[in-house]
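S.K.: Provided herewith is a single structure, encoded as structure tokens, for subsequent inquiry.
The values are calculated or read from the model by the stated rules, or taken from the named source; none is laboratory data. Note that the coordinates shown come from a computational prediction; the quantities given were computed from them, not determined experimentally. Cβ coordinates were reconstructed from backbone atoms using ideal geometry, including for glycine residues, and neighbour counts include every protein chain displayed. Just the protein is used for accessible areas: all its heavy atoms, side chains included, with ligands, DNA and RNA removed. Shrake-Rupley method; radii C 1.70, N 1.55, O 1.52, S 1.80 Å.
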Amino acid sequence: MLSKPVKPGEPLVTHIYTADPSAHVFDGKIYIYPSHDLDRDHASNDNGDQYDMEDYHVLSMEDTESACIDHGEALHVKNVPWASKQMWAPDAAYKNDTYYLFFPARDQEDIFRIGVAKGDSPAGPFLPEPQYIPGSFSIDPAVFVDEDNRAYMYFGGLWGGQLEKWQTGKFMADAEGPGPDEPALGPRVAELSEDMLTFREAPEEIIILDEQGNPLTAGDEDRRYFEGPWVHKYRGLYYLSYSTGTTHKIVYAVSADPKGPFVFKGTILTPVIGWTTHHSIVQFQGKWYLFYHDSSLSGGADNKRCVKFTELEYLEDGTIRTIDPYDK
Ligand code: FUB
């Protein structure tokens with residue numbers, strides 16, 4: 001299905017609800033891997049039960065002025081042997097002449113895990129591996145393939161995403177997050193194996209520091225990590241961007257090492273309509289773009305979101321100009 005030509009700040013497609021866009025340039029086009037929100041009415045809760053997605057559709061655009069194509073269903077939960085429900089924010093990567101779709105879902109015990117599926121085309125369909133990635137947990141995988149061809153998966157999300165339940169290395173159903181003055185929980189990172197199907201090592205926690213070198217605290221809700229990590233490289237530095245959750249911002253931190261520690265820098269995107277905010281950053285034809293979502297298409301329903309994009313600008317010192325998504 002083809003949309004009308006896309007415009008910055010407007011939904012890429014309107015025939016389905018979409019969220020959590022992971023954008024990549026494959027074969028000279030922009031491919032977007034979003035969540036596919038269902039048109040169901042739910043009250044919102046902190047466990048995220050309202051996000052009851054079942055499948056993925058891949059979108060693509062020839063460029064930033066053409067129509068957006070919905071390539072149809074690329075993977076459904078019923079075809080993933082280990083998964084039971086909630087196909088949340090996915091990402092994709094290309095390596096070994098293969099396209100990989102990484103996705104979180106609850107397993108048969110209701111624990112979020114991360115799975116991988118393979119395809120010959122960036123538009124899918126994707127064939128899932130029979131088991132989730134051993135040692136994986138929580139949500140929001142984002143895979144960054146570095147210039148040396150090493151691939152890293154960043155992941156993790158609080159509350160419904162269960163990250164705080166893994167502080168001991170084992171799933172503790174009743175575990176709570178750290179107190180407000182304690183170091184905040186960071187996202188996890190693990191290098192992927194050459195075949196992209198397993199972790200090469202146990203996931204490590206990423207530390208995010210303030211400008212004085214102190215770890216951000218859990219009470220620092222304007223800056224601490226909540227969910228939705230994304231990593232891109234600019235002028236040789238790694239930029240880790242993420243959602244602050246409760247304060248609804250997309251912020252970023254920078255490091256010379258893909259595993260950090262990262263130093264907090266600032267805000268990329270101010271709050272959007274709807275509770276969640278989730279993004280990706282991609283370079284295309286010499287410009288940088290932010291892909292994000294809001295709930296404008298549904299008039300504000302948290303679980304019925306729409307994917308959008310806008311240009312992203314760096315200042316001379318490598319910082320990113322803050323974007324107000326509704327600035328005219
Ligand atoms: O779409 C479900 C969840 O909402 C995602 O995994 C989070 O990042 C948030 O956008």
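S.K.: Within the set of other residues whose C-beta is less than 9 Å from the C-beta of Glu194, count the net charge using Lys and Arg as +1 and Asp and Glu as -1.
M.R.: With Lys, Arg at +1 and Asp, Glu at -1, the neighbours total +1.
S.K.: Another one. If you roll a 1.4 Å probe over the heavy atoms of the protein chains, what accessible area per residue do you get for the chain, in Å²?
M.R.: With the other protein chains kept in place, the chain gives 41 Å² per residue.
S.K.: Which of Pro90, Pro180, Leu158 sits farthest toward the positive end of the charge dipole of the range 84-186, with +1 on the Cβ of Lys and Arg and -1 on the Cβ of Asp and Glu?
M.R.: Value: Pro90.
S.K.: Relative contact order of the chain, please, whole-number percent, based on alpha carbon pairs below 8 angstrom and at least 6 residues apart.
M.R.: Once normalised by length, the contact order is 16 percent.
S.K.: Which length gain, in nm to one decimal place, applies between Thr319 and Ser193 when the Cα-Cα distance is subtracted from 0.36 nm times their residue separation?
M.R.: Answer, rounded to one decimal: 42.1 nm.
S.K.: Here's a follow-up. Suppose every K and R has +1 on its Cβ and every D and E has -1 on its Cβ; what is the size of the dipole of the range 162-254 about the Cα centre, in Debye to the nearest 20?
M.R.: Using only the charged Cβ atoms, the result is roughly 320 debye.
S.K.: I'd like to compare 26-34, 142-150: which one has the highest average count of other Cβ atoms within 10 Å, and what's the full order after that?
M.R.: By packing density, highest mean first, the sequence is 26-34, 142-150.
S.K.: While we're looking at this one, here's another question. Give me the mean projected area, in nm² to one decimal, of the convex hull enclosing the Cα positions of the chain.
M.R.: If I average the Cα hull's projected area over directions, I get 15.4 nm².
S.K.: Listed highest first by mean packing, meaning other Cβ atoms within 10 Å per residue, what order do 2-12, 90-100 come in?
M.R.: Packing order, densest peptide first, comes out as 90-100, 2-12.
S.K.: Among the listed pairs Lys4/Lys29; Lys95/Lys118; Lys233/Lys328; Lys165/Lys265; Lys78/Lys118, give every one whose C-alpha distance is greater than 20 Å.
M.R.: Pairs exceeding 20 Å: Lys233/Lys328; Lys165/Lys265.
S.K.: Determine, for each peptide in 120-129, 224-233, the mean count of other beta carbons within 10 angstrom over its residues, then list the peptides with the highest first.
M.R.: Descending mean neighbour count gives 224-233, 120-129.
S.K.: Further, regarding this structure: Answer rounded, prolate or oblate for the range 1-160, using the Cα gyration tensor with square roots of eigenvalues a ≥ b ≥ c: rounded when a/c is under 1.5, else prolate when a/b is larger than b/c, else oblate.
M.R.: Oblate.
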